[in-house]
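These notes are about the structure you will find just below.
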Amino acid sequence: MNVQITFKPSGKRVRVGQGTTLLQAARRAGVFIPTRCDGKAACLMCKVHISPEWAAFAGPPSDAEQRKLGSLLGEGIRLSCQARVKGAVEVTIPEDRLKAAIRRQLERQASDDELW
């Protein structure tokens, strides 16, 4: 049975079979999620956020996720390479750290420019 995965903030959607990892679904949807280990739960780069109302549809955390993420699991953080979809789910891709830093600097600059 196919289920719909929605990726935020892009709003891209894809239909995949149950048991597909969120990383595989993202690739199929053309959504970039950084990774170095190619889905082996080693690099921790592929973290995504799943809000509580969607958490059950991302399947239970694997042993590797539990070891690697610990208390972050309670905050809705999952490894996209490990989370296997059980039903329709909405996933938030965190903003890249470098892009976030640049965005904040540009916002500060724009704010400073308004003061002049």
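The values are calculated or read from the model by the stated rules, or taken from the named source; none is laboratory data. Everything numeric in this text was worked out from a predicted model, so none of it was measured. Every residue, glycine among them, receives a Cβ derived from its backbone with ideal geometry; neighbour counts consider all protein chains shown.
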Within the group Ala26, Ala64, which residue is at pLDDT 95 or above and either under 14 Å from Arg84 (Cα atoms) or surrounded by fewer than 19 Cβ atoms within 10 Å (Cβ to Cβ) (or both)? Ala26
Looking at (1) of a type in the set (A, V, I, L, M); (2) free of Cβ contacts under 8 Å to residues at least 60 places away in the same chain; (3) buried (at least 16 other Cβ atoms within 10 Å of the Cβ), can you tell me which one Val31 breaks? (2)
What residue, among those in segment 89-102 that are modelled with pLDDT under 80 and surrounded by 11 or more Cβ atoms within 10 Å (Cβ to Cβ), is farthest from the chain's Cα centre (by Cα)? Ala100
Which of the residues belonging to segment 1-14 are part of a loop (DSSP other than H, G, I, E, B) and among the hydroxyl-bearing types (Ser, Thr, Tyr)? Ser10
List the number of the failed condition for Pro9; all other conditions in (1) free of Cβ contacts under 8 Å to residues at least 24 places away in the same chain; (2) touching a Ser or Thr at 6+ places or on another chain (Cβ under 9 Å); (3) exposed (fewer than 14 other Cβ atoms within 10 Å of the Cβ) hold. (1)
Would you tally the residues in segment 15-68 being outside any loop (DSSP other than H, G, I, E, B), within 28 Å of Leu98 (Cα to Cα) and in contact with a helix residue (DSSP H, G or I) (Cβ under 9 Å, 6 or more places away or on another chain)? 7
